[in-house]
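What follows is one structure encoded as structure tokens, with my remarks underneath.
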Amino acid sequence: MTQTKTIAIVNASGRQAASLIRVSSAVGYRVRAQIHTLEGVIPQELANLPNVTLFNGPLLNNAPLITALFDGANLAFINTTSQAGDEVAIGRALADAAKRAGSITHYIYSSMPDHAAHNPAHWISLPLWSCKFAVENYVRQLGLPATFVYAGIYNNNFTSLPYPLFQMELLENGSFEWRAPFHPDVPLPWLDAEHDVGPAVLQIFKDGPKRWNGHRIALSFETLTPNQVCAAFSRALRRPCLYTHSPKIDIKVSIPAGYREHLEGIEVLFGQMQAPYFPQLEFMNQTQNQNQTITTTTATTTTTKADMMKAAAAAGLGLGAGHNHNTGKGPAEPYGGIRSLELVDEARSLWEGWRDMEEYAREVFPVEEEANGLDWMI
């Protein structure tokens, strides 16, 4: 009988972690997850899932909690946030604890690029991303069997509330407008974090470090330009949606410390410098990279895909529009005939049931808006 796997997870109520917890619990994995508070809808939901143990408390300077988190764990998924404190210190402490535990066979770290490290003459660092890249390098130096996932822009970031960068503002005439410094016609990587992170990460664990050790994976299932995003919203909501290129990001509400500097960096890096979202060469040469990747056998792949579909059903995930959109190797054509860049190929090979932007805008965006007290959809 196969021994049940146990996954250590941090920031449990975050979109990435919560997605993995739901799917892992549904297929019988044990989960040991750190959470910052037990209050709220998501913490209560996670606390009631089978096989899930929550550790309530901060990560910064909290060695007892971190040690307990890895006790008995075989796997780890780590996605830290700047709101929890010094992200580099926390990331190093978690990696050190995983190494000391001696039982972690696969450590998946949710990283992001430091653009200046890749091209210091032309690009700048984003403060909330460069710290993640520093931790990635530390994990590599420790020699943990590790994989590094790079999340695309969350579809779930969009809201009509006045939050910066991804406000889909509802205008008086009933149309929506998205204002941002991204070039209107340059493709960006997108991800429905709540729907698609869990199944994809679980598949990485199933494949194991034999296939993915030291590898970076772009967790993005489609690439769309800002104009294409707004076209998807227009089709989904049956009302006009316009993208307006704005060099400056409007800040209309109070934001966390350090986030203003990050937004200012986005204005420069993506607005003025026109840097690629993921600058690493492996994300720009996916075909060559795939040819060098060890592939699993056909029988194993078939079984794993079936497991993923069962996990999705058990966790309440629909198959998503992507399930019918040529989700095998190579760029697929989602609804509307838009071909994504090759960087999505690995994510799509991990999880066939991904949800595209149009389905998100049609099925999820209005529900989240209503939950936030808005009534434009009524």
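A short reminder: the numbers here are calculations on the coordinates, not readings from a lab. Small disclaimer: the values here were computed from a predicted structure and weren't measured. Here the Cβ positions follow ideal geometry from the backbone for every residue, glycine too, while neighbour counts run over all protein chains shown.
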Would you check the chain for Lys pairs whose C-alpha atoms are within less than 21 Å, ignoring same-chain pairs closer than 8 in sequence, and give me the count? 14
Segment 109-147 residues near the modelled Leu281 label - backbone nitrogen below 14 Å, point 7 Å along Cα→Cβ: 118-119
Would you kindly state how much longer the chain becomes between Ala121 and Asn61 on full extension, computed as 0.36 nm times their sequence separation minus their alpha carbon distance, in nm to one decimal? 18.0 nm
Using the 10 angstrom Cβ neighbour count as an exposure proxy, how do Tyr243, Tyr154 rank, fewest first? Tyr154, Tyr243
For segment 1-59, convex hull of alpha carbons as volume per residue, Å³: 68 Å³
For the chain, modelled as a GNM with alpha-carbon contacts under 10 angstrom, which of Asn79, Asn11, Asn173 fluctuates the most? Asn173
Quick one: Lys99, Lys252, fewest Cβ neighbours within 10 Å first, how do they rank? Lys252, Lys99
When ranked by the protection proxy of mean other Cβ atoms within 10 Å per residue, highest first, what sequence do the peptides 343-351, 356-364, 253-261, 115-123 form? 343-351, 356-364, 115-123, 253-261
What's the ranking of 21-29, 193-201, 231-239 by average number of surrounding C-beta atoms within 10 Å, highest first? 193-201, 21-29, 231-239
Cβ-derived FRET efficiency at R0 45 Å, Thr105 paired with Lys248, nearest 0.05: 0.45
Using 15 Å as the cut-off for backbone N distance, which residues of segment 30-67 belong to the label zone defined by a point 7 Å from the Cα of Gln3 along Cα→Cβ? 30
Using helices alone, I'd like the mean residue ellipticity at 222 nm for the chain: each DSSP H run of four-plus residues gives -39500 (n - 2.57), total over residue count, nearest 500. -10500 deg cm²/dmol
Whole-number D in µm² s⁻¹ for segment 15-140, Kirkwood Cα-pair radius fed into Stokes-Einstein, 4 °C, 1.567 mPa s: 83 µm²/s
Roughly what would the spin-label model give for Thr53 and Asn372, points 7 Å off Cα along C-beta, in nm? 3.7 nm
In the chain the DSSP beta bridges are antiparallel at a rate, in percent to nearest 5, of 15 percent
For segment 87-144, what is the Kirkwood estimate of the hydrodynamic radius, computed as the reciprocal of the mean inverse distance between distinct Cα atoms, to one decimal in Å? 12.1 Å
For q values of 0.18 Å⁻¹, compute log₁₀ I(q)/I(0) with the Debye formula on a Cα-only model of segment 103-172, without solvent. -0.82
For Rg/Rh (Cα atoms, Kirkwood Rh) the list reads (i) 0.99; (ii) 1.11; (iii) 0.94; the calculated value is entry (iii)
Candidates Gly72, Gly143, Gly152: whichever shows maximal mean-square fluctuation once the chain is modelled as a Gaussian network with Cα springs under 10 Å: Gly143
Using only the Cα atoms of segment 177-242, what are the Rg and Dmax in Å? 15.9, 48
Whole-number D in µm² s⁻¹ for segment 45-93, Kirkwood Cα-pair radius fed into Stokes-Einstein, 20 °C, 1.002 mPa s: 176 µm²/s
What residues qualify as long-range amide H neighbours of Gly72, i.e. H under 5 Å apart, gap of 5 or more or another chain, H built at 1.01 Å from N? none
Rank-order 31-38, 262-269, 104-111 by packing density, defined as the average count of other C-beta atoms within 10 Å over each peptide's residues, highest first. 104-111, 31-38, 262-269
May I ask you to list the residues of segment 125-146 whose amide nitrogen lies under 13 Å from a point 7 Å from Cα along the Cα→beta-carbon direction of Val268? 125-128
